[in-house]
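As structure tokens, the structure follows; a few thoughts come after it.
Throughout, read-outs are computed from the coordinates displayed, never taken from laboratory work. Because the structure is predicted, anything quoted here is derived from the model rather than measured. With ideal geometry, Cβ positions are generated from the backbone for all residues, glycine too; neighbour counts draw on all protein chains shown.
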């Protein structure tokens, strides 16, 4: 059976009654809030994906699109009930069973796995129907996918900002105090650095590959990465690292050693990098050994 990514299609509940598709028509849903729009975009994107992968008209089969939709809905209902596999089932029915089984298992997690988002079954159902019917009411499937991605990313960042507010405040306080120290230079981007040793070699360009020795620490002194400990310098492209590194390397003649104080905006921002928590200011000792050919 073809595999379709049903990551999004994981939170319908048994209460969502999938009756004959003939009773479901593409129409304009009432969207009065961001949550309504997320529910609709969720249904539309999934409905369109299923339509593209499984429900296109096929001259080799007698089934009409409506008949395939009916089989899909029947399979979803069977999957929700936990029906056993049936080797005689069609591909469409088996797809429905797989979706239904996932829905039953994850029905309590909230929209897109976010427990703070309420699932609106009727809006999701209408989005699904519109997508299956090939409708672009309210938004196109491409717009639905983009809306889901950008909105959920924005919500995630807000949640992370709340969780790691103290970390962010600590970093801002440190940088504000550090910039006033003798020898610390602050660039327009907010990058701070000290020149420990100034080399006299060429300065890397954006497209250069460089060999460096370095050690990276958190503000509490925890070492999270070190080429010194590995006894092996690192080689990489100047434009293949975090923004703070890229900017700093283009200021360093070969033979230089700088201490960098990199604001979270020029490092990993809201990303969680295991040992580097969101909004962490990073401190690096960096020696530029050479520009590689």
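Based only on other Cβ atoms within 10 Å, what is the fewest-to-most ordering of 146, 80?
Numbers: 146 14, 80 24.
Lowest count first: 146, 80.
Looking at the calculated P(r) for the range 103-244, what percent of the C-alpha pair distances fall above 18 Å? Don't skip to the answer; put the middle values down first.
On the way: 7675 of 10011 pairs.
Counting every Cα pair in the range 103-244, those more than 18 Å apart make up 77 percent.
Given a Förster radius of 25 Å and the C-beta distance between residue 209 and residue 274 as r, what FRET efficiency does 1/(1 + (r/R0)^6) yield to the nearest 0.05?
Numbers: r = 27 Å, r/R0 = 1.06.
The calculated FRET efficiency here is 0.40.
Compare the peptides 46-55, 263-272, 124-133 by average per-residue count of other Cβ atoms within 10 angstrom and give them in order, highest first.
Numbers: 46-55: 21.2, 263-272: 18.6, 124-133: 25.5.
Top to bottom by mean Cβ count within 10 Å: 124-133, 46-55, 263-272.
If you wrap the range 165-292's Cα atoms in a convex hull and average its projection over all directions, what's the area in nm²?
Numbers: hull surface 30.4 nm².
Over every viewing direction, the Cα hull of the range 165-292 projects on average to 7.6 nm².
So between residue 217 and residue 156, what do we pick up on full extension, going 0.36 nm a residue minus the alpha carbon distance? Walk me through the numbers on the way to the answer.
Details: separation 61, 0.36 × 61 = 21.96 nm, distance 2.60 nm.
Length gained between residue 217 and residue 156: 19.4 nm.
Using a 10 Å cut-off on Cβ atoms, rank the peptides 32-42, 189-199 from the highest mean neighbour count down.
Values: 32-42: 20.2, 189-199: 16.4.
Peptide ranking by packing, descending: 32-42, 189-199.
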